[in-house]
1. Placing the label point 7 Å from Cα along the Cα-to-Cβ direction, what are the distances from C:GLU81 to the equivalent spots in the other copies, shortest first, in nm to one decimal?
2. From zero outward in steps of 5 Å, how is the percent of C-alpha pairs of the stretch B:3-132 spread across the bins?
3. I'm checking a number: the convex hull volume of the Cα atoms of the protein assembly as shown, normalised per residue, in Å³. What is it?
4. Between the stretch B:1-48 and the stretch C:26-56, what's the alpha-carbon centroid distance in Å?
5. How much of the DSSP bridge set in the stretch A:3-131 is antiparallel, in percent, rounded to the nearest 5?
6. Direction-averaged shadow area of the convex hull around the Cα atoms of the stretch D:46-102, nm²?
7. In peptide D:26-36, what is the residue-averaged number of other protein chain Cβ atoms found within 10 Å of each Cβ?
8. At R0 = 25 Å, how high is the FRET efficiency between A:ASP63 and C:LYS66 if r is their beta carbon distance? Nearest 0.05 is fine.
4 protein chains.
Amino acid sequence: MINIISEEEIMFFDTDCGGVVHNIAYLRFIETARTRLTERLGMSLKEMTKTQLFPVVTRTEIDYRKPAKLGDLIQVEAHVESFERVRFWCQFRITRPSDHALLITSRQSLALVQMPQGRPCRLPKEWLEQYPELTSKPKA
Amino acid sequence: MINIISEEEIMFFDTDCGGVVHNIAYLRFIETARTRLTERLGMSLKEMTKTQLFPVVTRTEIDYRKPAKLGDLIQVEAHVESFERVRFWCQFRITRPSDHALLITSRQSLALVQMPQGRPCRLPKEWLEQYPELTSKPKA
Amino acid sequence: MINIISEEEIMFFDTDCGGVVHNIAYLRFIETARTRLTERLGMSLKEMTKTQLFPVVTRTEIDYRKPAKLGDLIQVEAHVESFERVRFWCQFRITRPSDHALLITSRQSLALVQMPQGRPCRLPKEWLEQYPELTSKPKA
Amino acid sequence: MINIISEEEIMFFDTDCGGVVHNIAYLRFIETARTRLTERLGMSLKEMTKTQLFPVVTRTEIDYRKPAKLGDLIQVEAHVESFERVRFWCQFRITRPSDHALLITSRQSLALVQMPQGRPCRLPKEWLEQYPELTSKPKA
């Protein structure tokens, strides 16, 4: 399993006047976790800058279950769900350890895109070979 | 049909170093369109501030089809897809009129939540009565 | 005088849990106004994309006088304060017409930078020639 | 001296299509550092939520010296510059340890504001008493 856990503390700029974290802010937390996850696959931010090969989000699904609040310490669990030919899926869960609340569940599909042409590329053969259990059943 | 169209021009702060609009930025455009849409249902931002009854996003699905770039003029089409008992669904399409490109499709479900208690409320009877064609088939 | 006025409506994502607009959000409003202002100088976003010559903020000063709130309609007045050899200054005022409140005053200096090298360039001669009243007294 | 150092890694959402960190993103880094700094003064985010007494930015000055890039690890040094009767000043330096570059210098003044009334409050007597060296020379 390819997975990581990252942590965040809720800042003022994450909240809105409803008194809770704004729905868009969670996607920053998810991006940070996803970045650590793709590092585990051998793609670091610095490497991407050189190769100009970027993982690009092609779909996001996110369910808002409970809201986080100012000052909350939260955990973002991320793992790779599956590899397909030209994209891969990641899953995320955001929890608040202090009360064991499940706040967010989310999944994203990503494609590898060669910039600046914007050309989608096949996933590296090594990913598929190294994690056969993640490649067998491509998901729509 | 309850629908609106809003327009945006892509600013630097909407883009990232991949050279295109960052995936999170589109959700601001969608929120702006959704705000105009809920105004059409009789819920203005100023009204919400008084009543503390807020439409809260409970799920987002978003597909990234083509990227927008710096300086692009884009249109966000929004309409109400359906009303259920305690939530409603909205649909969004973001297009770039200059080349007729379809950039983004998205749908969101929203619940009406009474703050600061965070209590979910039934949708107003008037919504369901005024738009019976949107209320017949509740969607999971 | 080189000036423009742009308008914004305060969205949820502009606010924080203090109940007012977050201090960082005003800088997006200012960037949007500044973009319209530099268009007036002949530098459109689309043009910049081609030339890769970008106006880069080198200093921001911003005073927060009164807070805006959810749903407020605000105006951003922007004008060029002065031209120097390699940078120019812009001034901004954000007001709320409904009660004539002055919310924000700000000034920014910008340099023209040729990317991707990051090389600062002299301001176009035409700017200095066309607006001699703005070029006489360079400011620290 | 009341000071802290926080660390950040530059994510995609921090950058813009100029290829470097967007000027607004640094203000999030500064807010995170400032939050840790005010915790050192006894004001935690959780405490603020209860008391509704918030430190509100009344002025920001920020100089952009060198740009950070995707994947950079940066450090934000923050310290309290001085206490006045109803506001205090903080100073910030953002550096990139890998090449010892100084990227950003900034200072902010903050007032303590009792929400929801928006009433400015005097700084706690303990702050002034505990740090007499920071209180002697109020700055305009």
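Each value in this text was obtained by applying a stated rule to the coordinates, not by laboratory testing. All values reported here derive from a predicted model rather than from experimental measurement. Virtual Cβ from ideal backbone geometry, glycine too; neighbours counted across all protein chains shown.
1. Spacings between copies for this position, smallest first, are 1.6, 4.9, 5.1 nm.
2. Values per bin, smallest distances first: 2, 10, 20, 21, 17, 12, 9, 6, 2, 0.
3. 164
4. Each part reduced to its Cα centre gives a spacing of 21 Å.
5. 100
6. Numbers: hull surface 23.3 nm².
Result: 5.8 nm².
7. Taking all residues of D:26-36 together, the mean is 3.
8. The calculated FRET efficiency here is 0.10.
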